[in-house]
Amino acid sequence: MSGEADVAVGARGAAAELADRGASVPRVRAAVPDDHPAIAELTMAAYAAGGHMRREDPYMRQLADVAHRAEHGEVVVVEVDGEAAASAVITWPGEVLSELARPGEMEFRMLAVDPRHQGRGVARMLVRHLAARAEQAPGTEAVVLCSLRSMTAAHALYRSEGFVEDPTRDLVVEGIGRFPFFRLRLV
């Protein structure tokens, strides 16, 4: 990441919306090891509270392993009123965490918003930040992701930000199911 000033560029509108609602101005920044426990908890809480999975589901262990994400990707956090409110991990083609990205694509995974901050524009701010981050990377033409089918509110957000579904690139995990694929073309 080239700097926090650049981070705010793509998310300025959503940040202003949040400030207008009485929250301190949120900021997106690189996560540090001290953030890992809060990121793990907010991610698991978001998936559980949304009814997307139970705390005892095996994938929750991966969601809780923020150190692994940080070792193999670029973990970002949205901070609101001094606490972690949301997070995602950025990955690139061929990296350990990449499931979908092809050359010229940046992928983000495990985007989650603490249930206490949902419905306040935090996810939109983070998605805009991620798109701005991709635009800064030379040769990046698109942002890609997949999502659980049950995450319909997230799907609506992605569509409203210009992402388009492409069922031919859905992630299919045998015995588990199909995960809708979304792509935002940057150029």
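The values are calculated or read from the model by the stated rules, or taken from the named source; none is laboratory data. Since we're looking at a predicted model, the values are computed, not measured. Heads up, the Cβs are rebuilt from the backbone with ideal geometry, glycines too, and the neighbour counts pull from every protein chain shown.
Brief remarks on what is shown
- Of all residues making up the range 63-90, the number that are surrounded by 21 or more Cβ atoms within 10 Å (Cβ to Cβ) and either among the small types (Gly, Ala, Ser) or in contact with a Gly (Cβ under 7 Å, 6 or more places away or on another chain) (or both): 8
- Pairs with Cβ under 8 Å, 6+ apart, first in the range 155-172 and within 18 Å of Met110 (Cβ to Cβ), second part of a loop (DSSP other than H, G, I, E, B) and among the charged types (D, E, K, R): Leu171/Glu99
- The C-beta contact set for the range 85-109 (first residue touching a residue at least 40 places away in the same chain (Cβ under 8 Å), second residue in a strand (DSSP E or B) and of a type in the set (Phe, Trp, Tyr), distance under 9 angstrom, 6+ apart or interchain) comprises Ala88/Phe108; Ile90/Phe108; Glu99/Phe179; Leu100/Phe181.
- The listed residues are Arg120, Arg116, Arg128, Arg109, and the only one of them that is assigned to a helix (DSSP H, G or I) and at pLDDT below 95 turns out to be Arg116.
- Residue selected from the range 34-64 under the condition at pLDDT 95 or above and among the charged types (D, E, K, R), by the criterion farthest from Phe108 (Cα to Cα): Asp34
- Every listed requirement among (1) farther than 18 Å from Leu148 by Cβ; (2) not in a strand (DSSP E or B) is met by Leu97 save one, (1).
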